[in-house]
1. Highest mean first, how do 106-114, 74-82 rank when packing is the count of other Cβ atoms within 10 Å averaged over residues?
2. Report the calculated FRET efficiency for Asn108 and Ala245 (r = Cβ-Cβ distance, R0 = 41 Å), to the nearest 0.05.
3. Cβ neighbours within 10 Å, averaged per peptide: list 87-98, 137-148, 218-229 in order, most packed at the top.
4. What distance in nm lies between label points placed 7 Å from Cα along the C-beta direction at Asn200 and Asp262?
5. Any idea how far apart Asn52 and Thr96 come out in nm if each label point goes 7 Å out from Cα toward Cβ?
6. Which residues does the label zone of Ser157 cover in the range 50-64, counting backbone N under 20 Å from a point 7 Å along Cα→Cβ?
7. Name the residues whose placed amide hydrogens come within less than 5 Å of the amide hydrogen of Ser165, ignoring near sequence neighbours (fewer than 5 apart) on the same chain.
Amino acid sequence: MTPRCVPRLLAVFCLTVVLALLCCETAQAQANCGSITLCKPYEKVGPACERNKRMNLRFVLQTARENNFTVGAEVHHVTTYGFCPVVDQLSSFTLTGAPFLATSYTKNDTSGKVTNHLSLGMTPRYLSVYGFGASNSTHFPEKGVSRGTVLVAINGSDFTGVVNSVGVVTVLSLEIGLNNGLFNYIGASKASKRAVVNPNYNASLCSNGSESSGSVNYCEKEIFMPVAAKVVQPAKVGFIPTCDAKDICTVGNPRIYTCIGDIPGQKNCGVYRSDPEEIRDLRMTVLVSYYGTDSRRNVLTSGGKNPLNFVSFVKTNALYAIGDRISSLFTGNFSVRL
C-alpha cells in the first residue's frame, strides 16, 4: 500500500517543478540584447561569461534541401537562430519554424496558390550550436562525435512504416558548463614532437660526419617523433537526451511523444507527422541550463533548477503531466533569425 504521505510529497514536488518552469518562462521573456557586449565561452580570449550577464548563443539548423540559398556558386541548406541568454538563468528558446524548415517546403503552383509539401528524399537533419565543437574544431561541432550537435529530423517511413512521414524532435535540453567563464577542454593538446632515444644510433656507422646512411639515422643520439593532437570535447557542454536509457520520453506523455535519434539511449522527445500543415504548427524548444563557475568564480546554480532533471528521477502520471506542461509553457518566441 502506498503511504499516505506520498501523494502529499508528490504534490509539493510537482509544485516545485511547475514553479521552476514558470520562472524559466519569465526569464526568457526578459531577453533583450541591445548593444551590450556578449560573452563567448568557446573563444580562448573570451570575453569570458559572468553570471547575470549575457552570452552569444547561436543555433545552426540543417534545412530541407528545398529551403536553400546561394552565396557565390555555393548552395547552403542552413538557417541560424541567435539568442543572448542571461548566464545562469534557466531559459527556454523556441526555434521559430524549425520543424517545418527541416522537413518541408512551400511551393507556388501555376495558379498562384501556395501549398506546403514534405521534402523530397528526406535525409537526417541536425541542429548544432556554434562554438560547441571539440578542441580541434570549436566553432563547428561534428555530427556523430560532438554533443554540440543533435539529430532533430528523420524520414519517418523508416521507423513507422508510414510512407511520406517525418519524425521531428520538439524538446531539447542544452547544458553549458563553464570553468571561470570559459569552456574547459580538459586534457586537450596540439600536435607536437618529442625527443626520444634513437634506437639506430651507432657512432661507428656514422661516416664522414653525415647524419645518416641512406634512410637510417645512425648519428643522432636523440630523434624527434611526432605526437598526435589529443582532441577532447568541452566538459559538460552540449545536448543531453530528453528520453531515458530505455528510449521513453521523460518530459511528456509517452503515448503522445516518441523518442527520435540515431543512438539508442540518447534520443530526444518528438513526434511523427505526415501532414506539412501540422508540421508548421509544431515547436522546437531548447531548455538551457548552466554549470560550473563564471569569470569571477561564482558557482552557477541554474543546472540544479532544471525541471528535466526532476522528471528523470520519478516515473508517475503526475510527472508525465509536468512533462506535458513543459511543452505547453515554452511557447514564447525570442529568436532572431540571422
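1. Order by mean packing, descending: 74-82, 106-114.
2. 0.35
3. 87-98, 137-148, 218-229
4. Here the answer is 4.3 nm between the modelled labels.
5. 3.0 nm
6. 64
7. Gly156, Ser157
All of the numbers you see were taken from the coordinates with simple rules; none came from a lab. The structure displayed is predicted, hence computed values, not measured ones. Quick reminder, even Gly has a Cβ in these numbers, built from the backbone with ideal geometry, and neighbours come from all protein chains shown.
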